[in-house]
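The values are calculated or read from the model by the stated rules, or taken from the named source; none is laboratory data. Worth saying up front: this structure is predicted, and the values here are computed from it rather than measured. Note that each Cβ is placed from the backbone with ideal geometry, even for glycine, and that neighbours are counted across all protein chains shown.
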Ligand SMILES: C[S@@+](CC[C@H](N)C(=O)[O-])C[C@H]1O[C@@H](n2cnc3c(N)ncnc32)[C@H](O)[C@@H]1O
């Protein structure tokens, strides 16, 4: 159940689902999903015994790319999503999975800012919140709520727009007015046409430290392919592997990762 009245917009994402869904499966979104998957699997492998069935909460899971992937890997996944259209898409995707996977996934309509309404504190080993904080006006309160959902030693995985590098997208596209304006801003207009918020690494690092889930690792996501069009399709498998290898390397290497479009922050609950 959503905390508000049915139909209330709880997120700055409202109305953007058709445009977001159109970009899925193209090069740009594939790089994002693949990089996040590799980085997340690396962090999970570093923190939990091999084969442990983890309790995972995916807040703002959207179409459910990571949620379904993790369920296929044997974990128990709860998806919390505020947008009815996105929830429908995720449910459709889930219905195509074998019964053993379907029964490990629970999808709930609700606001990620109200996790305390839906779940008991400490009830998850991993909490994901990917591509959501930009639509939230008060991210600190939401992040604190997500951290409370974690058991001790649990992993919080945040994917946010990088406010320290907002001039990169317009600058590398030759839009100099927008590039100059971006230096002093933490707002930007995204590919979906929405004016949204970006986050700074230093500020989120301080937030995570303050809520007892200090930052343990961070990565850049989409260093080289941020300006690829949403409609650009996947190249051959061999070429895609090279793109991913270059992005993966940049995403974990200074100074490249600092100017990535997205930052993947991993905090661990003390
Ligand atoms: C850009 S999509 C990302 C989907 C998915 N997490 C991914 O990374 O592919 C953002 C999703 O977050 C959801 N969302 C935004 N604000 C939310 C909130 N306050 N509570 C729950 N879901 C939210 C949107 O409805 C949308 O499905």
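Is there a residue being outside any strand (DSSP E or B) and modelled with pLDDT of 95 or more anywhere in segment 148-157?
Scanning segment 148-157 turns up at least one residue that is outside any strand (DSSP E or B) and modelled with pLDDT of 95 or more.
Confirm whether residue 25 is buried (at least 17 other Cβ atoms within 10 Å of the Cβ) and more than 21 Å from residue 260 (Cβ to Cβ).
So residue 25 does not fit the description; no.
Taking the options 93, 71, 45, name whichever one is in a helix (DSSP H, G or I) and within 13 Å of the ligand (Cβ to nearest atom).
Exactly one of 93, 71, 45 is in a helix (DSSP H, G or I) and within 13 Å of the ligand (Cβ to nearest atom), namely 93.
Can you give me the number of residues within segment 111-130 that are within 8 Å of the ligand (Cβ to nearest atom) and under 14 Å from residue 158 (Cβ atoms)?
4
Within segment 74-84, does at least one residue satisfy the condition of being assigned to a loop (DSSP other than H, G, I, E, B), within 18 Å of the chain's Cα centre (by Cα) and near the ligand (Cβ under 10 Å from one of its atoms)?
Taking every residue of segment 74-84 in turn, at least one turns out to be assigned to a loop (DSSP other than H, G, I, E, B), within 18 Å of the chain's Cα centre (by Cα) and near the ligand (Cβ under 10 Å from one of its atoms).
Determine which single condition residue 227 fails, assuming it passes every other condition in (1) in contact (Cβ under 8 Å) with a residue 40 or more places away in the chain; (2) not in a loop (DSSP other than H, G, I, E, B).
Residue 227 satisfies all of (1) in contact (Cβ under 8 Å) with a residue 40 or more places away in the chain; (2) not in a loop (DSSP other than H, G, I, E, B) except (2).
Do we have any residue at all in segment 125-139 that's touching a helix residue (DSSP H, G or I) at 6+ places or on another chain (Cβ under 6 Å), part of a helix (DSSP H, G or I) and farther than 25 Å from residue 222 by Cα?
No, segment 125-139 has no match at all.
I need a count of the residues in segment 46-90 that are in contact (Cβ under 8 Å) with a residue 40 or more places away in the chain and at positive phi.
3
Would segment 176-183 turn up any residue that is more than 16 Å from the ligand (Cβ to nearest atom), part of a loop (DSSP other than H, G, I, E, B), modelled with pLDDT of 95 or more and surrounded by fewer than 23 Cβ atoms within 10 Å (Cβ to Cβ)?
yes
Just name the residue that is nearest to residue 166 (Cα to Cα) out of those in segment 248-270 that are in a helix (DSSP H, G or I) and touching a residue at least 60 places away in the same chain (Cβ under 8 Å).
So the residue we want is 259.
Among 116, 154, 60, which is the only one that is touching a helix residue (DSSP H, G or I) at 6+ places or on another chain (Cβ under 7 Å) and buried (at least 19 other Cβ atoms within 10 Å of the Cβ)?
Answer to the check: 60.
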